[in-house]
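Here, each number is a calculation from the coordinates, and none is a lab measurement. Source: prediction; values computed, not measured. So basically every Cβ, Gly included, is an ideal-geometry build from the backbone, and we count neighbours across all protein chains shown.
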Amino acid sequence: MKEKIIMYLKLIIASPHKRSSIYKKYLGISFGKNVRILHYPRWGSEPFLIEIGDNVTITRGVSFVNHDGGVALFRKEYPGLNVYGKIIIGNNVFIGINSIIMPGVKIGNNVVIGAGSIVNRNIPDNVVVAGVPAKTIKSIDEYKETTLKKSLQVDPSQNRIDQILKHLKDE
């Protein structure tokens, strides 16, 4: 219990880029370089089954489910029955708010997972997925093209709020 309290205290003061080292130490999750963890994900009951690559962003409310809890229905007949699955996240992945990653899923490189998605099967490289269940909605190149058309390059020497409001007014 004391160790868990220490972990949470360290997480409170840690920057999004430092949280991965805390989770690695206390939960056994494998992390690559430059992982940003915004807020506090739910890592599941077997967090040591999670592998996360380089340049990954995990946003608020993301859940990693690394077992099938439904098998509890069969434990009278099969005591000790469990089904586990590793979760492997590639490099350059953005996982949107409140997404759920299910057991046994491998997410490729250069992937965006839309907010609220449920990822229940493997995701290939270079795609944007969204939905319940998550499906490919466009390639990463298409996403880049549409994003650049509507984006704003914020000038740090000017007032950020004014720039955003002006940009949105001009649309």
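Note: relative contact order over the chain, using C-alpha pairs below 8 Å and six or more positions apart, is 12 percent. Using C-alpha pairs under 8 Å with a sequence gap of at least 6, the mean separation divided by the residue count of region 4-81 gives a relative contact order of 24 percent. Positive end of the dipole of region 2-139 (Cβ unit charges, origin at the Cα centre): among VAL71, ILE95, LEU27, the Cα lying farthest that way belongs to LEU27. At full extension, LYS150 and ALA72 could sit 23.2 nm farther apart than now, given 0.36 nm per residue minus the alpha carbon distance. Each label was represented as a point 7 Å from its Cα along the Cα-to-Cβ direction; for SER15 and GLN163 these points are 2.0 nm apart. Using the Karplus relation 6.51 cos²θ - 1.76 cosθ + 1.60 with θ = phi - 60°, the per-residue 3J(HN,Hα) values for region 8-19 come to 5, 5, 5, 5, 4, 8, 7, 6, x, 7, 9, 5 Hz, with x marking Gly and Pro. Close amide H partners of LYS135, meaning residues 5 or more places away or on another chain with modelled amide H under 5 Å apart, are ALA130. Listed values for region 42-47 are Karplus-derived 3J(HN,Hα) couplings in whole Hz (6.51 cos²θ - 1.76 cosθ + 1.60, θ = phi - 60°), namely 9, 8, x, 7, 10, x, and x replaces Gly and Pro. Distance between the modelled labels on LYS106 and ARG60, one decimal in nanometres: 3.4 nm (7 Å Cα→Cβ projection). Remark: the ASP125-ILE137 segment gains 3.0 nm on full extension, using 0.36 nm per residue and subtracting the alpha carbon distance. Rounded to the nearest whole Hz, the Karplus-based 3J(HN,Hα) values (6.51 cos²θ - 1.76 cosθ + 1.60, θ = phi - 60°) of region 159-170 follow the sequence 5, 4, 4, 4, 4, 5, 4, 5, 4, 6, 5, 6, with x at glycine and proline. A 27 angstrom limit on the alpha carbon distance is what I want to check against. Which of LYS18/LYS169; LYS25/LYS86; LYS18/LYS138; LYS24/LYS106; LYS144/LYS169; LYS25/LYS106 exceed it? Cα-Cα > 27 Å for LYS18/LYS169; LYS18/LYS138; rest within. Dividing the summed helix terms, -39500 (n - 2.57) for each DSSP H run of n ≥ 4, by the number of residues in the chain produces a 222 nm estimate of -7500 deg cm²/dmol to the nearest 500.
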